[in-house]
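To start, the structure itself, in structure tokens.
The values are calculated or read from the model by the stated rules, or taken from the named source; none is laboratory data. Being a predicted model, the structure only gives us computed values, none of them experimental. Note that each Cβ is placed from the backbone with ideal geometry, even for glycine, and that neighbours are counted across all protein chains shown. Heads up: the accessible areas ignore ligands, DNA and RNA and are worked out on the full protein's heavy atoms, side chains in. Shrake-Rupley method; radii C 1.70, N 1.55, O 1.52, S 1.80 Å.
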Amino acid sequence: MRDLVAIGGLFTWLLLGLAWITPLKLKLMKLHGADKSPRFFIALARQGDALAKTVVFRTKVFMGVGIVGVFLLSISKAFAS
């Protein structure tokens, strides 16, 4: 049962995170072109583009929460055994 809850939590995190980032990412791609690389958008954020800064920040938060979540999940499974 605990594994099912963990898998459900990871899928929920993934869906909510993508729903949080995707609309802004699509708007950014529409403004600057869909053929640009992620490095272009990071450089754009460093140059001061507010939308690019928001997308980069949200991506970092999304990845950070995911890493911490998986880390906490592995610790809780180790101590539950």
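Structural remarks
- When Ala34 is tested against the conditions (1) exposed (fewer than 14 other Cβ atoms within 10 Å of the Cβ); (2) part of a helix (DSSP H, G or I); (3) among the aliphatic types (A, V, I, L, M), the lone failure is (2).
- Take the conditions (1) without any contact (Cβ under 8 Å) to a residue 40 or more places away in the chain; (2) assigned to a helix (DSSP H, G or I); (3) open to solvent by less than 100 Å² (accessible area, probe 1.4 Å); Leu10 misses just one of them, which is (1).
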